[in-house]
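Visitor: Before I ask anything, here is the structure I am working with.
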């Protein structure tokens, strides 16, 4: 029995529309944008106060990592939208299917 949406003759996908995905629209996902990382001892962490600066392992302008449900899916950059920070995706990471 051929899979729905797959042409059995040449294994090419048939075009889909947004309405084909309605069943998954309400599934919650956890999105994380990682600006950078840093390591420190608990004693150093406890000494941090308001206005403290923590040096990250990334440089200004370097791409940030975007995770969905703890899986790296894209890289992007930080943008300002009105008075809020946002993220724009600049590269989609193709994951190996297992």
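Rundown of residues vs (1) assigned to a loop (DSSP other than H, G, I, E, B); (2) out of contact with any strand residue (DSSP E or B) (no Cβ under 6 Å at 6 or more places or on another chain); (3) closer than 16 Å to residue 32 by Cα, yes/no style:
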{"residue": "51", "(1), (2), (3)": "yes, yes, no"}
{"residue": "54", "(1), (2), (3)": "yes, yes, no"}
{"residue": "58", "(1), (2), (3)": "yes, yes, no"}
{"residue": "65", "(1), (2), (3)": "no, no, yes"}
{"residue": "75", "(1), (2), (3)": "no, no, yes"}
{"residue": "80", "(1), (2), (3)": "no, yes, no"}
{"residue": "86", "(1), (2), (3)": "no, no, yes"}
{"residue": "90", "(1), (2), (3)": "no, no, yes"}
{"residue": "94", "(1), (2), (3)": "yes, yes, no"}
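Visitor: Being surrounded by 12 or more Cβ atoms within 10 Å (Cβ to Cβ) and either over 30 Å from residue 96 (Cβ atoms) or at pLDDT 95 or above (or both) is the requirement here; does residue 54 meet it?
Guide: For residue 54, the condition - surrounded by 12 or more Cβ atoms within 10 Å (Cβ to Cβ) and either over 30 Å from residue 96 (Cβ atoms) or at pLDDT 95 or above (or both) - is not met.
The values are calculated or read from the model by the stated rules, or taken from the named source; none is laboratory data. These numbers were taken from a predicted model, which means no experiment stands behind them. In this analysis, Cβ positions are derived from the backbone assuming ideal geometry, glycine residues included, and neighbour counts consider all displayed protein chains.
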